[in-house]
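Worksheet: one structure, shown below.
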Amino acid sequence: MNPALDIAAVVLVLVATVVLGAMGVRFSRTTGDFFVASRSVRSVWNASAISGEYLSAGTFLGLAGLVLLVGADGFWFPIGYAAGYLLLLLFVAAPLRRSGAYTIPDFIEARLESKAVRRLTSVLVVVIGWLYIVPQLHGASLALKVVADLPEWAGAVVVAVVVCGLVAAGGMRAITVVQGMQYWLKLTALLVPAVVLLIALSGREPELSPALEPLQAFPVELGPAATHPYATGSLMLALLLGTIGLPHVLVRFYTSPDGGSARRTTVLVVAMIGAFYAVSGTMGLIARVVTPDLAHPGLADTVVLALPSRVLPGPVGTLLTALVVAGAFAAFLSTSSGLVVSLAGVISQDVFDGSVRSFRLSAVLCVVVPLGVALLTGPEALVSSVGTVFLVAATSLTPVILLGVWWRGLTARGAAAGMLVGALTCGAALLGSALVGETLSGADAALAAALLAQPAAWAIPLATAVVIVVSLRDRDRVPSRADRYLARLHLPERRREA
Amino acid sequence: MSEDAEPPRRVRVSADDAAAAESPGTSGIALPGAPVHEADTVFLHGLMRAQLRLAAGSLVGFLLVSLVFTASIFIIARTADPILFGVPLSWLLQAYGYYPLILVFAILFARSAARNERRYRSLAGADEERA
C-alpha cells in the first residue's frame, strides 16, 4: 500500500463527485429538482444511480470480509439484497411511481388520509435512514485508517462534509448524476482487481504460492451444506422484504418518468447489482484462499483493501489498492448521499415548510446526527449492521406499504398499530439477543438465540397480522378515497391522460 | 355614488363541489376530473387482480425454483463436490447461481405486467369508442 497514492485516489473521487454534483446543481432550480429530479430521469441512468446508491460500504468492503469470516453463509446477504429488488418490482415499483408522492410519508398520508400516521412513518424513516448512514461512516473511517493510518474520525468527517455539501447544494438532481458515475466506478474498482488477481493466482508456481488448498480454504463445515435453516430463512425474509421499506430506495422510483419506466429501471437494477455482487463474491472467494490470517472480526472487513498488495506486492498491487480505495469511497458517498436526500425530503416537509431552503437545512441535520453516533461508536461488522437496518424496515414499514398498495381495507389505525408493533418487537428481539442471547444454555438455547437474533420470520407476520386485524376491526374508518387512490396506483399512465 | 343607493347584493362565491360532482354511484374509482364508467371499474379491478395474480405467481415460482436450486447445492455439497478452478462447485453455485434466476424472473414479470396493461388499455379504449 502507498498512503499518498491512496489518499490521492480518495481526493480524485471527491473532486469528481463535487464537479459532477456542481453540474447537477446548475440544473437544480425547482423544488421538484431537489426532491425527485423533476421525475425525468431515464431508465439506464436512473438504474445506474439506484445501483450506485444501493451498493453500500456493507457490500463493497463487508461482503468479501463476511465470506472470509463465516464462509458460504456470507453469500446469502447479497442474494437477499438482489432478490429484494425482485419483490420491489413485483409489488410496488410501478404503483409507487404512480402514487404522485415525494416520500414514503407522503404516500402513507395520501393513502390513509392521516397526519398522525404520516408523522409516525416519518419518525421510522428517519431512524432507519440514520441507522443506515452510520455503517457508511464507519466504513470510511476504517478505509482511511487502514490505507493511510489516519485517525478514525477522519474518514467519517470527510464523507459527512462532502455529502452534506452536495445534497444541500443540488438535491436529487445533483446526486443522480454523481451516483450513476459512482456505480460504474465501484464496479470497475472491484472488477479490475478481481480479474488481475485471478490471472496472477492462476499463473503462480505452486511452490511460490502461499495460497491454501481448496479443501482448507473451502471447508465443508463452512460450506453451503452447513447453513442453519431457520437463521438463513429468517434473514432472507428480512432482506427480501426490507428492501421495500428502505426510504432511499423508494424515493428513487419517484424520479422515473412513469410506472412502466419504473419497472424497466428495476429490471436493469437487478442486472447491475447482480453483476456487482458476483464480482464482490469473487473477491470473497479469493480472500479465503489468499488471506486466511485476516479471518477475524474487525480485520475481515479490510480484506478487499489488503488483497491486491498481498497477491501483487509491486507497483501493480499498489495501483490496484488505490483503485479499490477510490471505489470504497464512492460506495460511502453514494449511499450516504442517497439516504440524506430522502431523509432531508421527509424532515423538510414534516418539520419545516418543504421549501428548498428547509431542504438544505434538513440535509445538514440528517448528516450531523449519524456522524455523532459514528464518532461515538466503533466500526462493527459492516454487512450485519446493514442487515439490521433491513430487518427494522421489513418489520415496521414494509407490511404497511404492501397493504397500502394492494388492500383497500387498510386503515390509519391498523397501519399505526402494525408499524409500532413491528418496530418495537424488532427492537426488543435485537436487544434481547444482545443482552441474553449468549447466556442461554440448554437444548433449546440455539433455537432461542436464533429466534432473537433473526426475528424476521415471526416479527413480520406478527406486524402484518396486527395491521390486518386492527384494520378489519376499524373497517368503518376505511379512507373515503381509498378506491380512487388505488386506481391512481394501478392505472397505466396513457389511460390516465386520456 | 349617492348615499341612499342600495349596497350591492352579497353573492356567495365558492369553488365547485368537486367531490360531490365526482362522487359516483359505484365504488368511485375515477380520478379527479375524469368521468366514471361502470366498464372502467370492471376493467380496472380486472387489471388489479391480474397484476396481483401475476406478482404472487412470480413470487411463488421464484421461491420454488430457488428452493430446488438450494436443495441441489445442498446435495452437491454433501455428496461429490467437484473442484472447479480451485473452488468446490457448491461454493461457486452459491456465489453466482442465484443472480441469473432473479434476473430471469424480473424480466418475465416486467414483460407480463406490461402486457396486462396493454390489454387493459385496448379493452378500455374499445369501450370508450363504443360510448
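Computed from the coordinates by the stated procedures, all read-outs in this text should not be read as laboratory data. Just so it is clear, the structure is predicted and the values come from calculations on it, not from any experiment. Note: ideal-geometry Cβ built from the backbone for every residue, glycine included; neighbour counts use all protein chains shown.
Rounded to whole numbers, the Karplus 3J(HN,Hα) couplings from phi for the stretch A:473-482 are 6, 10, 5, 5, 9, 4, x, 5, 9, 4 Hz, using 6.51 cos²θ - 1.76 cosθ + 1.60 with θ = phi - 60°, and x at Gly and Pro. In order along the stretch A:258-267, the phi-based Karplus estimate (6.51 cos²θ - 1.76 cosθ + 1.60, θ = phi - 60°) of 3J(HN,Hα) comes to 7, x, x, 5, 4, 5, 4, 4, 5, 4 Hz; Gly and Pro are listed as x.
Cβ crowding within 10 Å ranks A:PHE91, A:PHE332, A:PHE253 as A:PHE91, A:PHE253, A:PHE332, fewest other Cβ atoms first. Given R0 = 56 Å, the distance between the Cβ atoms of A:LEU12 and A:ARG475 translates into a calculated FRET efficiency of 0.40. Kirkwood radius and radius of gyration were both taken over the C-alpha atoms of the stretch A:78-235, and their ratio Rg/Rh is 1.06. Residues of the stretch B:46-89 falling in the label zone of A:ALA226, defined by backbone nitrogen less than 17 Å from a point 7 Å along Cα to beta-carbon, are B:74-79, B:81, B:87-89. Could you tell me how many degrees, from 0 to 90 and to the nearest 10, lie between the Cα long axis of helix A:152-202 and the main elongation axis, the longest principal axis, of the Cα atoms of chain A? With rounding to tens, the tilt is 40 degrees.
For chain A, the longest principal axis of the C-alpha atoms and the axis of helix A:356-376 are separated by about 50°.
Rg of the Cα atoms in the stretch A:393-483, relative to 2.2 N^0.38 Å, amounts to 1.30. In terms of Cα atoms, the Rg and Dmax of the stretch A:383-433 work out to 12.2, 37 Å.
Translational diffusion coefficient of chain A (Stokes-Einstein, Kirkwood radius from Cα pairs, 10 °C, 1.306 mPa s): 69 µm²/s.
Here the dipole of chain A is about 2280 debye; that uses its Cα centre as origin and unit charges on the Cβ of Lys and Arg (positive) and Asp and Glu (negative).
The string of couplings for the stretch A:402-415 from the Karplus curve (6.51, -1.76, 1.60, θ = phi - 60°) is 4, 5, x, 7, 10, 10, 5, x, 5, 10, 4, 5, x, 5 Hz, one whole number per residue in order, with x for Gly and Pro. Shielding of peptide A:79-86 by partners, expressed as the average count of other chain Cβ atoms within 10 Å per residue Cβ, is 5.
Using a cutoff of 8 angstrom between alpha carbon atoms and counting only pairs six or more residues apart, the relative contact order for chain A works out to 30 percent.
Legend: calculated FRET efficiency, B:ARG118 to B:ARG49, from the Cβ-Cβ distance at R0 = 22 Å, rounded to 0.05, equals 0.85.
Applying 1/(1 + (r/R0)^6) with R0 = 30 Å to the Cβ-Cβ distance of A:ALA428 and A:VAL369 gives a FRET efficiency near 0.85.
For the stretch A:180-284, the spherically averaged projection of the C-alpha convex hull amounts to 9.5 nm². Radius of gyration (Cα atoms) of the stretch A:232-313, expressed as a multiple of 2.2 N^0.38 Å: 1.51.
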